[in-house]
Amino acid sequence: MVHGKGIFCNPVNVPYRYQFNKPQVQGMSGDASVQVAREAADPSMIQFQGKYYIFASMTLSVWISEDMVHWESHRLPESLPLYDYAPDARVVGDYIYICASKKEEACNFYRTKDVINGPYEEIKGTFPFWDPNLFIDDDGRMYFYWGCSNQTPIWGVELDPETMKPLTEKKELIWGDAWTKGYERSGENHCAPPFPEEEIEVRYQEFLKSHHIEEAMLPESMVMQLHGHVSRKPFIEGAWMDKYQGRYYLQYACTGAEYNVYSDGVYVSDFPLGPFTLADNNPYSYKPGGFLPGAGHGSTMRDKQGNLWHASTMRISMNHTFERRVGIWPAGFDEDGELFCNQRYGDWPMEVEDDRMDPWKEPQWYLLSYGKTASASSFTEKKEPKYAVDENVQTWWRAATAKCGEWIQVDLEKSYTVNAVQINFADDGIDIPVPGKIRGTTQARYIEEKDHVTRWKLEGSLDGKNYFMIEDKSEADTDLPHDLIVRLEGVQARFLKLTVIEVPYGQTACVSGLRIFGVGDGEKPEAPEFEAYRENELDMMVKIEGTNATGYNILWGSQPDKLYHSHMVFGNEQRIGALVKGKEYYVRVDAFNENGITEGKSVKILRG
């Protein structure tokens with residue numbers, strides 16, 4: 001029997017609104033046609049008056065929960081900066097203060113005592129910023145942090161709480177440095193280190209020529225952005241400040257939301273405006289593997305029981321670069337004051353308890369569906385049913401028609417106790433007229449205002465002939481593209497069949513993950529053997545030998561009992577490119593299958 005408030009599974013189970021995105025510069029995104037994808041990112045998660053709130057980019061809404069499991073989406077008033085990125089929300093006394101990003105014009109602040117009903121008081125801004133974060137110290141003094149660039153740092157300033165005007169000159173706090181911090185390098189698995197300075201201008205001119213762009217037609221901000229794009233220097237963005245036992249923890253995101261390695265690092269100081277030093281545990285929020293990767297540009301929050309949680313951005317980036325979702329993970333501070341976040345099984349079902357929690361508690365249910373046989377009513381070429389069980393959000397099954405009743409089925413190969421099923425719908429090249437007016441200047445778009453529905457039914461069977469209903473949402477009035485079905489006591493099933501009734505815009509049914517969790521009755525995998533060696537200061541290679549394993553979790557950290565970083569893999573070899581120059585590391589590899597998790601032994605790897 002499962003106790004506690006409830007179970008959730010990342011990404012957060014809410015309606016994600018469609019975006020009709022206009023490319024910033026013709027040629028940069030193939031052609032100038034509008035690209036359609038769902039998006040929510042850059043979450044500010046706060047507790048206010050006994051409820052939890054998430055403000056995320058490009059949602060037109062705020063998500064509200066009383067238990068951090070069940071979230072409801074509520075529309076926000078048009079007077080707020082809903083088309084500006086990275087909304088920041090902070091509790092200041094009886095108010096919530098909100099602001100968002102405008103690079104080249106002054107950004108206003110807004111405050112309210114009632115998020116749903118308002119009213120919202122506007123406080124005129126006096127300076128521009130991007131990726132803002134407001135922080136109130138214990139003594140009531142107000143500080144403000146911002147920055148989003150690979151050409152400039154994270155800035156900080158003290159504000160007047162009455163006028164929200166700066167009391168000090170802005171101060172440079174942290175800069176990106178991908179030459180000493182491997183996790184700040186861009187690309188999948190940090191495969192794209194920055195170019196030397198002498199190469200950047202040459203590459204910039206080549207980029208303009210190849211994309212038929214006239215530099216004279218570009219605003220200065222775009223010139224800077226394109227220089228940064230070709231340089232591959234790390235983007236430093238998404239500041240968030242917390243205080244713990246008298247020390248200040250300045251968190252920041254790097255190094256590109258479109259990569260699986262999008263992460264949050266942290267610097268520490270004895271003062272709110274520094275000087276800051278790199279924390280020992282970096283990046284502290286990092287999820288490059290599993291079904292849905294990415295864990296950057298986020299916020300940390302204590303729940304009503306005193307548990308620390310971290311919310312941040314996960315990436316799909318197939319239909320559009322900024323096709324993104326929001327995830328939540330348990331976090332904490334260790335006995336040495338190191339900030340950490342547990343993402344070892346970060347997109348598996350996890351429990352939220354009514355008491356103080358162990359942030360390192362292992363999952364109670366295991367992945368049953370990976371690599372199992374999948375069949376369907378129909379499919380299109382290169383989008384066969386197998387892509388719904390490959391634990392990769394960037395691949396999916398697509399039906400051959402948009403007719404009601406197309407189905408996909410997973411054969412678990414034997415009967416299991418099934419406790420949870422996550423149904424992940426995908427989009428695949430939606431090509432329809434823009435429903436409304438394109439808005440915004442920085443990244444012009446239209447955010448879909450209409451509420452859609454996603455309807456389906458899920459059945460189970462022991463023999464593939466006789467089926468019973470597990471969940472019927474054929475008349476649902478909500479649109480949940482990452483829905484989760486939980487059966488605490490479990491149901492016995494070998495076959496699980498999803499029949500799609502309706503999806504938004506009448507598009508063809510696409511499922512990127514029909515993910516099934518439960519408990520098998522077989523043997524756990526053996527403890528794996530592995531070799532871990534440092535290729536250089538920033539990279540290590542891990543090679544694994546194991547039996548009876550579905551996959552592995554590679555763990556590493558500064559001490560054998562501080563293996564805070566993780567990378568889930570389904571193969572036997574993985575390069576880890578997130579090391580910090582000059583640091584020593586310990587590595588452990590755990591194995592998992594349908595029956596449980598087996599820990600390996602930790603070993604020390606030396607500096608390169």
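Can you tell me what percent of all Cα-Cα pairs in the stretch 456-547 are more than 14 Å apart? Tail of the P(r) past 14 Å holds 76 percent of the pairs. Taking θ as phi - 60° and the Karplus parameters 6.51, -1.76 and 1.60, the scalar couplings of the stretch 267-276 work out to 10, 10, 7, 8, 9, x, 10, x, x, 9 Hz in sequence order, x denoting glycine and proline.
In straight-distance terms, cross-link reach from residue 102 covers every one of the aspartates and glutamates whose alpha-carbon lies under 17 Å from its own, apart from those fewer than eight places away in the same chain; here that gives 42, 78, 84, 88, 122, 131, 220, 237.
Taking +1 at the Cβ of each Lys and Arg and -1 at the Cβ of each Asp and Glu, which of 438, 186, 62 sits farthest along the dipole of the chain towards its positive end, judged by Cα position relative to the Cα centre? So the residue we want is 438. Annotation: amide H-H contacts under 5 Å for residue 41 (H modelled 1.01 Å from N, sequence separation of 5 or more, or interchain): 57. Summing +1 for each Lys or Arg and -1 for each Asp or Glu among the other residues whose beta-carbon sits under 15 angstrom from that of residue 436 gives +3. For each pair in 170/243; 287/581; 124/304; 170/304, compute the distance between the two Cα atoms and list the pairs where it is over 23 Å. Beyond 23 Å between Cα atoms: 124/304; 170/304.
For the chain, carbon and sulfur atoms together expose 46% of the accessible surface, with a 1.4 angstrom probe and every protein chain in place.
The phi torsions of the stretch 444-452, fed into the Karplus equation with coefficients 6.51, -1.76 and 1.60 and a -60° offset, translate into couplings of 5, 6, 10, 9, 4, 8, 6, 8, 9 Hz, rounded to whole numbers, with Gly and Pro shown as x. Close amide-amide hydrogen proximity is noted between residue 378 and 400, 407, each under 5 Å apart and 5 or more residues distant or on a separate chain (H modeled in the peptide plane; Pro and chain starts excluded). In the chain, the DSSP-assigned H stretches of four residues or longer account for a calculated mean residue ellipticity at 222 nm of -1500 deg cm²/dmol, using -39500 (n - 2.57) per stretch and the full residue count as denominator. Built from the Cα atoms of the chain, the convex hull projects on average onto 26.6 nm², one quarter of its surface area. Taking Lys and Arg as +1 and Asp and Glu as -1, the other residues whose beta-carbon sits under 9 Å from that of residue 554 total 0.
Per residue, the stretch 242-332 exposes an accessible area of 23 Å² to a 1.4 Å probe, with every protein chain left in place. The percentage of C-alpha pairs in the stretch 79-213 whose separation is greater than 17 Å is 67%. Charge dipole of the chain (Cα centre as origin; +1 on each Lys and Arg Cβ, -1 on each Asp and Glu Cβ, all else neutral): 640 debye, rounded to the nearest 20. Using alpha-carbon positions, what is the distance between the centroids of the stretch 43-62 and the stretch 317-341, in Å? Answer, in whole Å: 16. Entry comment: accessible area of the stretch 506-553 is 41 Å² per residue, from protein heavy atoms only and a probe of 1.4 Å.
Solvent-accessible surface of the stretch 377-483, taken per residue with a 1.4 Å probe and all protein chains present: 48 Å². Holding the Cα-Cα limit at 18 Å, pick out from 524/604; 414/465; 383/414; 103/181; 386/497 the pairs that are longer than that. Checking Cα-Cα distances, 524/604; 383/414; 103/181 exceed 18 Å. Across the stretch 513-526, coupling constants 3J(HN,Hα) worked out from phi with the 6.51/-1.76/1.60 Karplus curve, θ = phi - 60°, read x, 9, 9, 10, 10, x, 9, x, 10, x, 8, 5, x, 6 Hz, and Gly and Pro carry x.
The values are calculated or read from the model by the stated rules, or taken from the named source; none is laboratory data. All values derive from a computational prediction rather than experimental measurement. Please note: Cβ atoms are built from the backbone with ideal geometry, for glycine as well, and neighbour counts cover all protein chains shown. For the accessible areas, the whole protein counts, side chains as well, though only heavy atoms, and no ligand, DNA or RNA atoms are used. Shrake-Rupley method; radii C 1.70, N 1.55, O 1.52, S 1.80 Å.
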